[in-house]
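Please read the structure below before turning to the comments.
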Amino acid sequence: MVLPMPLSRERLQERGFNQALLLAKALNPRKTQPHLLLRIRDTPPQSSLSRAARLQNVQKAFAIEPQHHAAMTGKRIVLVDDVMTSGASLTAAAQCLRQAGAAHITALVFARAERGT
């Protein structure tokens, strides 16, 4: 499965699109599942926070769509994001996927930003 990092509803409305979803679809449109990993809590943008605050910011921000929870069991997942700075969001999302039973998770990012403080 190819899963894009989800945006909160508020952020999606603000931007008008999810850049991670566009990248995931370009990677493999047939295996992209945009509605399995959910962002259930709107959080401040990670770029404005220190590393410690980033880690705290994304705690319990992600969930698996309840109707598809069983679909994660034993799956190999590619988690796609556009930019990674500290890796806090990817780590939190991967923990959520692992708790749902994913067997293997690979993160794929298309840009690496300089680490914040």
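Find how much the distance from residue 40 to residue 19 grows on full extension, using 0.36 nm per residue of separation minus their present alpha carbon separation; answer in nm with one decimal.
Answer, rounded to one decimal: 5.8 nm.
Would you mind calculating the relative contact order of the chain from Cα pairs under 8 angstrom and at least 6 residues apart, reporting the percent as a whole number?
Relative contact order for the chain comes out at 29 percent.
What's the Kirkwood radius of region 2-112 in Å, using all Cα pairs?
The Cα-based Kirkwood calculation yields 14.0 Å.
For a protection proxy built on the mean count of beta-carbon atoms within 10 angstrom, sort 95-103, 75-83, 63-71, 8-16 highest first, please.
In descending order of packing, they fall as 75-83, 95-103, 63-71, 8-16.
Mean residue ellipticity at 222 nm from the helices of the chain, using -39,500 (n - 2.57) per DSSP H segment of n ≥ 4 over the full residue count, to the nearest 500 deg cm²/dmol?
-8500 deg cm²/dmol
Rule-based calculations on the coordinates, nothing more; no lab input. These numbers come from a predicted model, not from an experiment. Glycine also receives a Cβ, built like all others from the backbone with ideal geometry; neighbour counts cover every protein chain displayed.
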